[in-house]
Amino acid sequence: MLEIRDLHVKVEGEEREILKGLSLKIPKGEVHAIMGPNGSGKSTLAYVLVGRDGYEVTKGDILWNGESVLEMEPEERAAKGIFLAFQYPIEIPGVAGLTFMRSALNAVRKTRGEAELTTPEFMKLIKEKAHKLNIDMEMLKRPVNVGFSGGEKKRSEILQMEVLEPSLCVMDETDSGLDIDALRIVAEGVNAMRSKDRAMLVITHYQRLLNHIVPDRVHVLADGRIRKSGGANLALELEKSGYAEFQEEAA
Ligand SMILES: Nc1ncnc2c1ncn2[C@@H]1O[C@H](COP(=O)(O)OP(=O)(O)O)[C@@H](O)[C@H]1O
Ligand SMILES: [Mg+2]
């Protein structure tokens, strides 16, 4: 279970709060969606969950399986099964996708008390998963994300997720450039990863993605807090009414 309690966050070195008392619970086995206007703090929440530098938690707590993660380094959180799909949107010149995924997987396996995979074992695993996702192995020999199209980046993210098998998946679907192909890749990836042992958080500005995912719960994030929660229908209501209601209240 992910439990976020009264979370207050600001950017390091700045006064303005971005998250202002956000509380949320996601039990294992469920897929929750967070929707909200631009600038409401959705990406900030994703970054704070994985422990990205530059943000300061001034109040509240984040518990994963009953344990606070706030003092943990990003690697430790990853080892506890926390994964952000947009964790490595950046290009990593000089590091081949295969090498990158292998070291990430071995690091996670180590903390799970599992042995490292041999090269043939690793290649077999990757080939199977890549084939399923329609990923050309040649693409994985190239440096991570360098020159990838939007769809290719999405595929490679979902591949990372399937290989690492995290128990908490956070997907920050940024507002730009999710074309139909990318949308379908993400939706199929999420649906394939649904499991009673896994909690998933899908962050999205648009309702479109949720036509294909159908979350258990939908939350509206506005002005740094969860302003409304409901079932999958809430996403449809928001599509009609927009976020004006929440933005007015926030002003
Ligand atoms: N590193 C940062 N430095 C300065 N301001 C930031 C930083 N990260 C986020 N913000 C600000 O915090 C607010 C929330 O941003 P963000 O979390 O990206 O929102 P969303 O993902 O919902 O669009 C915005 O006003 C944004 O400008
Ligand atoms: Mg964002």
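The table below gives the values:
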| read-out | value |
| --- | --- |
| Counted charge near Val48, where neighbours are those whose Cβ lies closer than 12 Å (Asp, Glu -1; Lys, Arg +1) | -1 |
| Axial C-alpha extent at least 24 Å, average Kyte-Doolittle at least 1.0 - helices from the chain (DSSP) | none |
| Computed P(r) (all Cα pairs; the chain; 10 Å bins; percent) | 7, 31, 36, 21, 5, 0 |
| Within-15-Å neighbourhood charge of Phe122 [Cβ basis; K, R +1; D, E -1] | +1 |
| Long-range amide H partners of Lys228 with built H, under 5 Å | Val220 |
| Using distinct alpha-carbon pairs, which all enter the 1/r mean, Kirkwood radius of region 1-132 in Å | 16.8 |
| Net charge over other residues, Cβ less than 12 angstrom from the Cβ of Leu210 (K, R count +1; D, E count -1) | -2 |
| Cα convex hull volume per residue for region 152-222 (Å³) | 87 |
| Portion, in percent, of the accessible area of region 2-250 that falls on carbon or sulfur, probe 1.4 Å | 49 |
| Exposure rule at most 15 other beta-carbon atoms within 10 Å, DSSP loop trypsin sites (Lys or Arg not before Pro): the chain longest free segment | 113-193 |
| Helix-derived mean residue ellipticity, 222 nm - over the chain, DSSP H n ≥ 4, -39500 (n - 2.57), to 500 | -11500 deg cm²/dmol |
| Inverse mean reciprocal Cα-Cα distance (Kirkwood Rh) of region 126-251, Å | 16.0 |
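The values are calculated or read from the model by the stated rules, or taken from the named source; none is laboratory data. This structure is a prediction, so every number in the text was calculated from the model and none was measured. Neighbour counts are summed over all protein chains in view; Cβ atoms, including those assigned to glycine, are modelled from backbone coordinates with ideal geometry. These area figures cover heavy atoms from the full protein model, side chains too; ligands, DNA and RNA do not enter into them. Shrake-Rupley method; radii C 1.70, N 1.55, O 1.52, S 1.80 Å.
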